[in-house]
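Here the structure comes first, spelled out in structure tokens, and everything after it is commentary.
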Amino acid sequence: MTARRRSPGSGLDLAARIEALDDAVVAARGRLSDAVLEPATSVVERARARMALSGDYTVVALAGSTGSGKSSLFNALAGADLAVPGVRRPTTGQPMAAVWSALATTDMPTGAVRGAGRYAPPGAEVRSGGAHALLDWLEVDVRHVLEAPASGTDWPPGLAAVATGLVLLDLPDHDSVETAHRVLAERLYERVDLLVWVVDPQKYADAALHVRYLRPLAAHADVVVLVLNHADRLSADERGRCVADLARLAAQDGLGTVPVLATSARTGEGIADLRERLVDAARRRAAATDRVRADVRTAARSVLAACGAGPAPLVERDARRRLVDELEQAAGIPAVAEAVRRSATRRAHVATGWPPTRWLASMRADPLRRLGLGAGRGTPGRPDLSRTSLPPFGPVARSRASSAVRAYCDAAMSGTPDSWVLSARARATAVGLGDALDQAVAGTRLVAARPPAWWRTLGWLQWALLVVVVVGLGWLGLLAGASYARLPEPTTPIWWGVPAPTVLAIGGVLAGVLVALTGRLLGAVGARRAASRARRHLRLAVEVVVGERVVDPVSAELLALAQCRDGAQRAAA
Ligand SMILES: Nc1nc2c(ncn2[C@@H]2O[C@H](COP(=O)(O)OP(=O)(O)OP(=O)(O)O)[C@@H](O)[C@H]2O)c(=O)[nH]1
Ligand SMILES: [Mg+2]
């Protein structure tokens, strides 16, 4: 066993690691490719399943190519002819189990069983969590339980120390013409606790063995044993060279620390040593958790390679501001603000202008109403019920909005994996943004509910001045009538050297014009203020839309990335 450097998170227990990997996978779903996530998902499922099953048993599989001597070794280790080794190959088509354990007698009936079919003789007590449940999960139907001794002393020779919970599997090959064998074998390669790779002197350097099977197990050195079988066919020198060469190739595969043994199923050489190692592993009861831990680590590392490490990036404030600026333009907000200004100017004019010419101003259409906006339009709080007459979100505005949204996504997601950026872009879609902005504009109050008080004051003043003018003109008319009818001329008061009715008529007109000019001046100032207030409200409305449609979805992507990285880091530690 090699000493491992402790890293932060390496104190996590295995269950927490499995959950951390699951968190990472859940966070990455739809964001990383299936090629990365599917194996990790299977690892989580297998790990949970194995951890829920008995830890008292250690499942050891004899793996390798056809003819390497797996079945012969299985028999040699069992000390009984359970499997049928063959000269014609491939021989083994179904996996077969041998269970040594005093424990087994309590959860499986004892006795050697040969043949296919699920082993469930009458009266068999099936206890969940026992070897039986474990073999059910592994889908190994052919099972042999070695005869339980009457007392602890009369185990068969060589097996006295084996009351350990060792479950040995003889597997089909992975390299014959029978692809069904490979499928069965590979399914078990992924699930057993400890893998004994049985190779022979001819095929131990096969590229397929190393590239397809051993390299992916680089993190599994604690649960791999290499066995060079058929050792009786080699001279002592050749054997030494072969073992050294196999160890060198294993080191290249990242398995430099695994034991490499030479055995002969024919002569029995090396069998006791191999059995001792397996019994020792079964007694320590660590292989199952070591295997699962290595699986979880390997899967977490591949997720980490895809999602990247480190904290998720923070979105710059500027990026959001730029997006809001662009969408304001795309939604025609400056045009609306300008319409608010011109509408307020017009209304101030109508309210405070000189009454005889006011109607001229009121004849001009209200620019806000022309846009389908303005007082009394829309339903505040229910913008979905109204639509403005702003120019529709045409291709130009739409492409402007989409490129602004894309620029925001790219800025926010910089340094994250491409697939994550694409996912953010897909979620922060610009589709429907035009309508959302239009509704936001429609739902924004642009005109104050009540006109300013000074408008009304000036308006009444104008009417009063008009009355003065009318009185003056009427008076002048009476004087003219009296003079025409040669009636005695009434005395007319003289103000400032001018007859009073003339003062009233001319003064009233001049004062009306003055008040109208004052109204215009104040109206222009008020209209500019109304426009900038409207602009502020419209910007807030655009910000709300941007938040819901773009910023929140992108933040959710960043959060998922942070969760994925955190989970994968904890699982891989
Ligand atoms: N000389 C020698 N022959 C062996 C040894 N181990 C197995 N054999 C022979 O090699 C042949 C194949 O052995 P099996 O045990 O059937 O090999 P296998 O790996 O189970 O093969 P498949 O079931 O086809 O995958 C048989 O004829 C065995 O007798 C060994 O250590 N030395
Ligand atoms: Mg076989």
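Peptides 277-288, 243-254 ordered by packing proxy, namely the average of other Cβ atoms within 10 Å per residue, highest first: 277-288, 243-254. Both radii were evaluated on the Cα set of region 288-330; the Rg over Rh quotient, with Rh as the Kirkwood radius, amounts to 1.46.
What's the exposure ranking of Ile18, Ile494, Ile506, going from fewest to most Cβ atoms within 10 Å?
Ile494, Ile506, Ile18
Rg and Dmax of region 156-309, based on Cα coordinates, read 16.4, 55 Å.
Each semi-axis of the equivalent ellipsoid for region 35-106 is √(5λ) with λ an eigenvalue of the Cα gyration tensor; in descending order they amount to 28, 21, 8 Å. Its residue count N fixes a reference of 2.2 N^0.38 Å for region 305-377, and the Cα radius of gyration divided by that reference is 2.00.
Hey, could you get me the Stokes-Einstein D for region 468-509, Kirkwood radius over alpha-carbon pairs, 20 °C and 1.002 mPa s, rounded to whole µm² s⁻¹? D = 207 µm²/s. A full extension of the chain between Ala15 and Asp318 corresponds to an added length of 104.8 nm, given 0.36 nm per residue minus the alpha carbon distance. Expressed in Å, the radius of gyration and Dmax of the Cα atoms of the chain are 45.2, 159.
Are there any chymotrypsin sites (Phe, Trp or Tyr not before Pro) in region 473-502 that are in a DSSP loop and have at most 16 other Cβ atoms within 10 Å? List them by number.
Trp496
Among Met96, Met363, sorting on how many other beta-carbon atoms sit within 10 Å of each Cβ, with the fewest leading, yields Met363, Met96.
With contributions of -39500 (n - 2.57) from each DSSP H run of at least four residues, the per-residue ellipticity at 222 nm computed over the chain stands at -17500 deg cm²/dmol.
Mind checking the full-extension length gain between Trp454 and Arg187? Use 0.36 nm per residue of separation minus the Cα-Cα distance, one decimal, nm. Display every interim value, and only then the final one.
On the way: separation 267, 0.36 × 267 = 96.12 nm, distance 8.65 nm.
Once the chain is fully extended between Trp454 and Arg187, it gains 87.5 nm.
Considering only GluC sites (Glu not before Pro) in DSSP loops that have at most 13 other Cβ atoms within 10 Å, the longest stretch of the chain without any of them is 317-573. Around the amide H of Ala262, modelled in the peptide plane, lie the amide H atoms of Leu228, all under 5 Å away and 5 or more residues distant in sequence or on another chain.
Mind checking Rg over Rh on region 231-313, alpha carbons, Kirkwood formula for Rh?
Dividing the radius of gyration by the Kirkwood radius yields 1.17.
Applying the Kirkwood pairwise sum to the alpha-carbon positions of region 183-222 produces a hydrodynamic radius of 11.2 angstrom. Normalised by 2.2 N^0.38 Å, where N is the number of residues, the alpha-carbon radius of gyration of region 471-573 equals 2.87.
In order along region 228-233, the Karplus-derived 3J(HN,Hα) couplings, from 6.51 cos²θ - 1.76 cosθ + 1.60 at θ = phi - 60°, round to 8, 8, 6, 5, 5, 7 Hz, and Gly and Pro are given as x.
Length available on full extension from Met363 to Asp245: 0.36 nm per residue minus the Cα-Cα distance, which gives 32.4 nm.
Modelled spin labels at Thr491 and Val84, positioned 7 Å past Cα toward Cβ, are 15.1 nm from each other. Secondary structure note: in the chain, about 25% of the DSSP beta bridges are antiparallel. Diagonalising the gyration tensor over the Cα atoms of region 260-305 and scaling each eigenvalue by 5 before taking the square root yields semi-axes of 32, 14, 5 Å, largest first.
The calculated P(r) of region 387-509, using every Cα pair and 5 Å bins from 0, goes 2, 9, 10, 9, 7, 6, 5, 4, 4, 5, 5, 5, 5, 5, 5, 4, 3, 3, 1, 1, 0 in percent. The fewest-to-most ranking of Thr41, Thr444 by surrounding Cβ atoms within 10 Å reads Thr41, Thr444.
Computed packing ranks the peptides 560-567, 519-526, 261-268, 317-324 as 560-567, 261-268, 519-526, 317-324, most packed first, by mean other Cβ atoms within 10 Å. Packing order of peptides 208-220, 412-424, highest average first: 412-424, 208-220 (average count of other Cβ atoms within 10 Å over each peptide's residues). Rg over Rh for region 171-254 works out to 0.97, both radii taken from alpha-carbon positions and Rh defined as the Kirkwood radius. Using the Cβ-Cβ distance between Leu522 and Val470 with R0 set to 35 Å, the FRET efficiency works out to roughly 0.85.
Read-outs throughout are calculated quantities, based only on the coordinates presented, and are distinct from any laboratory measurement. Everything quoted here is computed from the prediction, not taken from an experiment. Reconstructed Cβ throughout: ideal geometry from the backbone, glycine too, with neighbour counts over all protein chains shown.
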